[in-house]
Structures are given as C-alpha cells and as structure tokens.
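Have a look at the structure below before the remarks.
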Amino acid sequence: MANEGSYEAASKRSDEIAADLEVHPEKYTMLTGDRPTGRLHLGHYFGTLKGRVELQEKGCRTNVLIADYQVITDRDTTEHIQDNVYNMVMDYLACGLDPNKTMIYCHSAVPACNQLMLPFLSLVSEAELQRNPTVKAEMEASGHELTGLLLTYPVHQACDILFCKGNVVPVGRDQLPHIELTRTIARRFNNRYGKVFPEVDALLSDVPLLPGLDGRKMSKSYGNAISISMTAEETAKRIKKSQTDSERMITFDPENRPGVSGLLSTAAICTGRDAAEIAEEIGMGGSGQLKKYTTEAVNNYFEPIRERRHQFEADLDYVKDVLHEGNRRANEVAEKTLGEVQEAMGMVY
Ligand code: TRP
C-alpha cells in the first residue's frame, strides 16, 4: 500500500524499536486498536493480539482502543455495536490482555480525545487527505461516495494515538499511511505551538499474514475465518466445509493449492510446526486427514482461551466494569493532554 521506499524505512525503524523494546520497555507507550465490526478471528490473534499481550508483559505502557466511531467510516449503521464492543472486550480478556496493565476503552467515550480533532484538522491539507491510499481503497470497497468522516478519520486516528502520547503502534502495512500522517500532525503541532507530542513509529508484525481457509485474505465476509469465540464443533464444521482440491497427495503450495495450503498454514501456526513438514507427514492421507489434523491443532491451541472466554460470557457485569474503568482512565489521560494542547495554543481562559 504505502510506497516501497517509505515501507522500507518504516520496516527498518520497526526492527530497531522491536530490539530496543527488549532493553528499554519503559520508553514506550503502545496504542493500537480494532474496529468493532464482528468477532476477532485467528488472523487477528496471530497477527496482533498475541503480540499485544507480549508487549503488556514486557512492561511498556499498553493501551488498546475499541474504535467504535471508525465503524461508520464505511457503513451506514451502528447495528449490533454494543454487542460487538462487549464481545471484543471478552476476546481481549480471553487472549490475555490484563485490564490492570492494559487500558481498554472506546474512543466515543472519551470527549477530550475527540476534541483534539479540531486543532489537528487545521494541520493537514485537503490534498494530503485525498491521497491516502488506504482511504481510497476503503472508499472503493464500500461502494460509497467519500464521506467527510472517511476522508478525515486518519486524523481522528492520530487523536487516538497522540492523546495518550503513544509512540509505538503495532499495525499492519495498510495502516502505515495513517502512522505517517500522525507523525506529520505531531511534528507540525510541536513546531507551531511547542512540544507536546512524541515521535510515533509503527511496529510491524514479523509473523507472516495468516491466510483464510481458502487461501485468500482472512475475512469474516469471505466465510474463510475461524473466530476465537467459535466452539470446537463450529470450528470443525467450518474446516470440514472448506474447499480443498482433487489431488490426494498433500503438498504445501500456496500459489497453486490455496485451500490445502490455507489449512496447512493454520495447522502450522497453531502447532508451531513447519507447514511443509506437516504436508509431508500427511502425504497420501489426503484432505480428510489434513482437515482432521488442522481441526485438532486449532481446537487444542484455543481450548484454554475459549474456556476463559466462557467465564467472561457468563459475567457481562465484569466485562462492562472493565470497559468503564478503561474509559475512566482514558478520560483522565485525554483531559491532561487536551489541557497541554490548550496551554500550548494559549487557549486558557
Ligand atoms: N484503523 C484500524 C483498523 O482498521 C483501527 C484503529 C483505530 C487503530 N484507531 C487506531 C489502530 C489507532 C492503531 C492505532 O484496524
């Protein structure tokens, strides 16, 4: 998405930060988040959730945002939003985010964070907003005209990151234009009004992207994803229904055998084994055996996570308390930063 040169630079910075995080976790404030549009799946888990928990345990400050306002960037409804948000908190907790260490909150509940949008909008030009490749792709995928929010949400995402002075943002490559814009906004604000904001960098995952069961990008809308919240039976059913091919001999060949290879990649990541090695072991066992192996691999890995999730499902009051406490803390942080912003701008009356 981002052009190659800036990707190379971001990737190099990301490697440096990953190394420094091992030595000086206290220098880092992590902020990242998700849109509450449905249940989190294995792609989210291996691509980012697992890494967030590791950062939490390393001892840097960790903040996880449920980006509810971003839901309406490319859709016209907030249907199921409350249910999606509570379920997202359950997924987080089940995967090991600890609310005593990680601030979990929704940006709609943090007015002072949203208020940063006004000065930040003044720091970017319309042309800069128009050329964001991720916004363009999202607009095309949505089939909508460009709304004011879709055009400007990368600025709002800068508010998400900067309100807590986040300086490390674990994201996928598609988010790099937004991180670049956040850096620009922070730099311009600091130059114009005085230093309030840190320099922000992306932390790119070194785990290869896990494809869906059909080998395409994992996505709920393709029906090729396994959700963290699925039961063992639902998982088995989804894998059973997945499309393989007519060749009996199992080989790992993502390009020519997307279905077989999607299953192998899933089994590999859950067992920590090599996909080609699993393929060789199954060999003439065919897709029946491959599906059985993959189902067991997923269900074994996620059994303890799903068990924890059941406990949270049965205790919605606790889930709400976690979110309320996160929102309360986020408001405290945001009001402090907004105060600094108003002070820097001389807007103190
Ligand atoms: N745009 C991100 C996504 O679609 C979600 C998000 C919102 C985010 N605010 C953020 C990610 C701030 C990182 C930092 O996945």
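Things to note:
- Choice from Leu176, Leu42, Leu123 with maximal GNM fluctuation in the chain (Cα, 10 Å cutoff): Leu123
- Size descriptor for the range 144-223, Kirkwood hydrodynamic radius: 14.6 Å (Cα pairs only, one decimal).
- Across every pair of non-identical alpha carbons in the range 220-313, the mean reciprocal distance, once inverted, gives a Kirkwood radius of 13.6 Å.
- Comparing Cα centroids, the range 259-293 and the range 143-195 end up 40 angstrom apart.
- Relative contact order of the range 220-313: 31 percent, from C-alpha pairs under 8 Å at least 6 residues apart in sequence.
- The calculated FRET efficiency for the pair Gln243 and Glu57, based on their C-beta separation and a Förster distance of 30 Å, comes to about 0.20.
- Mean residue ellipticity at 222 nm, helices only, the chain: -17500 deg cm²/dmol; runs of at least 4 DSSP H residues each add -39,500 (n - 2.57), and the sum is divided by the number of residues.
- Once the mean of 1/r is taken over each pair of separate Cα atoms and inverted, the chain shows a Kirkwood hydrodynamic radius of 21.5 Å.
- Quotient of the Cα radius of gyration of the range 282-348 and 2.2 N^0.38 Å, N being its number of residues: 2.21.
- Counting only alpha carbon atoms, the long axis of helix 4-23 and the longest principal axis of the chain meet at about 90°.
- Leu203 long-range amide H proximity, modeled H, under 5 Å: Val169, Val171
- Relative contact order (%) - the chain, alpha-carbon pairs under 8 angstrom, separation at least six: 22 percent
- Listed residues Gln56, Gln115, Gln130, most fluctuating in the chain (Gaussian network, C-alpha, under 10 Å): Gln130
- Helix axis angle, 316-344 relative to the chain longest principal axis, alpha carbon, degrees: 40 degrees
- Helix 258-271 axis, angle to the chain major axis (alpha carbon atoms, nearest 10°): 80 degrees
Values quoted throughout were computed directly from the atomic coordinates according to the rules given, and no laboratory measurement underlies them. In this text, all values refer to a predicted model and were calculated from it rather than measured experimentally. Counting neighbours? That spans all protein chains shown, and the Cβs are built from the backbone with ideal geometry, glycine included.
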